[in-house]
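The values are calculated or read from the model by the stated rules, or taken from the named source; none is laboratory data. Predicted model only: the values in this text are computed from it and were never measured. All Cβ positions, glycine included, derive from the backbone under ideal geometry; neighbour counts span all protein chains shown. All accessible areas refer to the heavy atoms of the entire protein, side chains included, with ligands and DNA or RNA removed. Shrake-Rupley method; radii C 1.70, N 1.55, O 1.52, S 1.80 Å.
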Amino acid sequence: MTINPNIVSLIDRCERLWAAEAEVVRTYWNSPRRTAETDRLWLVRQMYKELLDGALPSLLWARDNFDGVGGSGSRAEFLEEVDVLREEFIHYMGFAEVFEALSGTTPSADALRDLGAWPENDRLQALRARHRQEHGVLGLRAQRFTEGGYCTLYSEGMKLASRDGIDGMIARACSVVFNDEFGHMLRGIADLAGSVDSLSEAEWSTLGGLVEEQLRHRVVMRNAQFSGPVASDRLAAITSGACDPLPFDYLRAFGQTPSRA
Ligand SMILES: [Fe+2]
Ligand SMILES: [Fe+2]
């Protein structure tokens, strides 16, 4: 089965924005603004994302759907959600260990609600909620598709592996997360691939617009998470597509490369 050309076009629209998010993280590692304090800040924010944006929704879903577990479909669905919960919790643990090495202590989950939230992340979540509200299932698909942002935080973090100290710890935490998050992104793509025939051309076009808007917000969210390593003029350029595309790994995702007309 060939890869649907609408999926290829959608991925084409993402590649420069994925590269922009990667540039933010890469710039931070060697930024003169980087201090132990900015490291603690991005780590606590990442712990928030893994625990409260990542693990908690699955935990609540499992609690709310526990009584309905019975037939094989519901058992499989429940297990899948519990697997996500476990993975996101392990991601949280990875960043919590780095934070603890820097600070000696770790905030409780409850304290993270205040310490780990930041306005640009809140705005991204609000944008996704608005897309879900205004566009229903298309909004949800856009969210699933943009979650993880092609894992660029983790792939850029893994490149610190040759360094000692905190950077080596960051690289190890990121390598644990990378494979899981690539899988989470593939689930979003598989979800889309399962419904390609039911979407009209107009819906594909809308979906592309929603995805691009969410990805642009992700770049801004990430730059704020890391205390603004990319200056505002460059940030405006890269959120408008100034980066070279970051090529999508079609072989890993689909076991084949697309045939382009
Ligand atoms: Fe995660
Ligand atoms: Fe995830």
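Restricting to segment 138-160, give me the number of residues that are under 16 Å from residue 192 (Cα atoms), away from ligand 2 (no atom under 11 Å from the Cβ), touching a residue at least 24 places away in the same chain (Cβ under 8 Å) and surrounded by fewer than 22 Cβ atoms within 10 Å (Cβ to Cβ).
3
Which ones in segment 200-244 are in contact (Cβ under 8 Å) with a residue 12 or more places away in the chain, within 17 Å of residue 140 (Cβ to Cβ) and not hydrophobic (A, V, I, L, M, F, W, C)?
203, 206, 208, 212, 213, 214, 217, 218
Just to verify a result, which residue in segment 176-202, among those that are within 16 Å of ligand 1 (Cβ to nearest atom) and either among the charged types (D, E, K, R) or at pLDDT 95 or above (or both), is surrounded by the fewest Cβ atoms within 10 Å (Cβ to Cβ)? Walk me through it before giving the result.
Taking segment 176-202 as the starting set, the residues that turn out to be within 16 Å of ligand 1 (Cβ to nearest atom) are 176-188.
Subsequent filtering for residues that are either among the charged types (D, E, K, R) or at pLDDT 95 or above (or both) retains 180-181, 187.
Numbers: 180: 20, 181: 24, 187: 13.
Here the residue is 187.
Is there any pair with a first residue in segment 109-137 that is without any contact (Cβ under 8 Å) to a residue 40 or more places away in the chain and a second that is buried (at least 17 other Cβ atoms within 10 Å of the Cβ) whose Cβ atoms are under 8 Å apart and which are 6 or more apart or on different chains, and what are they?
Note: pairs meeting the criteria are 130/139; 132/139; 132/143; 133/139.
Select from segment 30-59 the residues that are more than 16 Å from ligand 1 (Cβ to nearest atom) and not in a loop (DSSP other than H, G, I, E, B) and write down the one among them that is nearest to residue 159 (Cα to Cα). Talk me through it step by step, then tell me what you get.
If we filter segment 30-59 for residues that are more than 16 Å from ligand 1 (Cβ to nearest atom), which is where we start, we get 30-41.
When the remaining residues are screened for being not in a loop (DSSP other than H, G, I, E, B), the result is 36-41.
On the way: 36: 19, 37: 21, 38: 19, 39: 17, 40: 19, 41: 20 Å.
That would be 39.
Residue 105 is checked against (1) open to solvent by 40 Å² or more (accessible area, probe 1.4 Å); (2) part of a helix (DSSP H, G or I); (3) among the hydroxyl-bearing types (Ser, Thr, Tyr) and fails just one. What number does that condition carry?
(2)
From the list 84, 44, 8, pick out the single residue that is modelled with pLDDT of 95 or more and of a type outside the set (Phe, Trp, Tyr).
44 is the lone residue from the list that is modelled with pLDDT of 95 or more and of a type outside the set (Phe, Trp, Tyr).
Give 132, 128 a once-over and let me know the one that is in a helix (DSSP H, G or I), within 16 Å of ligand 2 (Cβ to nearest atom) and either open to solvent by 50 Å² or more (accessible area, probe 1.4 Å) or of a type in the set (D, E, K, R) (or both).
Numbers: 132 fails: within 16 Å of ligand 2 (Cβ to nearest atom).
Only one candidate passes the filter, namely 128.
Of all the residues that make up segment 10-26, how many are closer than 13 Å to residue 250 by Cα and either open to solvent by 20 Å² or more (accessible area, probe 1.4 Å) or in a loop (DSSP other than H, G, I, E, B) (or both)?
Of the residues in segment 10-26, 2 are closer than 13 Å to residue 250 by Cα and either open to solvent by 20 Å² or more (accessible area, probe 1.4 Å) or in a loop (DSSP other than H, G, I, E, B) (or both).
Considering each of 249, 233 in turn, give the residue that is closer than 30 Å to residue 44 by Cβ and either modelled with pLDDT of 95 or more or open to solvent by 20 Å² or more (accessible area, probe 1.4 Å) (or both).
Checking each option against the conditions leaves just 233.
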